[in-house]
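Before any comments, here is the structure.
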Amino acid sequence: MKKPLLLTFLSILLFSCKSEYEERLAQAKVVRVKIEKIQSMDEFGIDIALQEEINDLHDEIVFLSKVSGNENKFLEELFN
């Protein structure tokens, strides 16, 4: 009786983790698009304020990658 219950719980947990990973990846993709828009707006070189914004957005991506549980895979999926 306990084994089926345990298997069900583990299945739910694994599905939940994948959903969290996918949610973080989706958030990071939105941040990546913001970075690309900021970079395209700055035609004459990097403005200090814009560079700070880009740095903050990069930090957010790094945070999301660490929270995802698999930083390397996360970054690879994000930038490929």
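The values are calculated or read from the model by the stated rules, or taken from the named source; none is laboratory data. Not measured: the values here are computed from a predicted model. Glycine also receives a Cβ, built like all others from the backbone with ideal geometry; neighbour counts cover every protein chain displayed. In case anyone asks, the SASA skips ligands and DNA or RNA and just uses the protein heavy atoms, side chains included. Shrake-Rupley method; radii C 1.70, N 1.55, O 1.52, S 1.80 Å.
Scanning the range 40-71 for residues that are over 25 Å from GLU23 (Cα atoms), in a helix (DSSP H, G or I) and open to solvent by less than 90 Å² (accessible area, probe 1.4 Å) turns up SER40, ALA49, LEU50, GLN51. Checking the structure you have, find out if any residue of the range 16-39 is open to solvent by 60 Å² or more (accessible area, probe 1.4 Å) and in contact with a Lys or Arg (Cβ under 7 Å, 6 or more places away or on another chain). There is no residue in the range 16-39 that is open to solvent by 60 Å² or more (accessible area, probe 1.4 Å) and in contact with a Lys or Arg (Cβ under 7 Å, 6 or more places away or on another chain). Starting from the range 17-39, take each residue that is farther than 13 Å from GLU60 by Cα and list its partners that are open to solvent by 70 Å² or more (accessible area, probe 1.4 Å) and modelled with pLDDT of 90 or more, counting only C-beta distances under 8 angstrom and pairs at least six apart or across chains. As it stands, the answer is ILE38/GLU53, since those pairs meet every condition given. Every test in (1) acidic (Asp, Glu); (2) modelled with pLDDT of 90 or more; (3) touching a helix residue (DSSP H, G or I) at 6+ places or on another chain (Cβ under 6 Å) is passed by ASP42 save one, and that test is (2).
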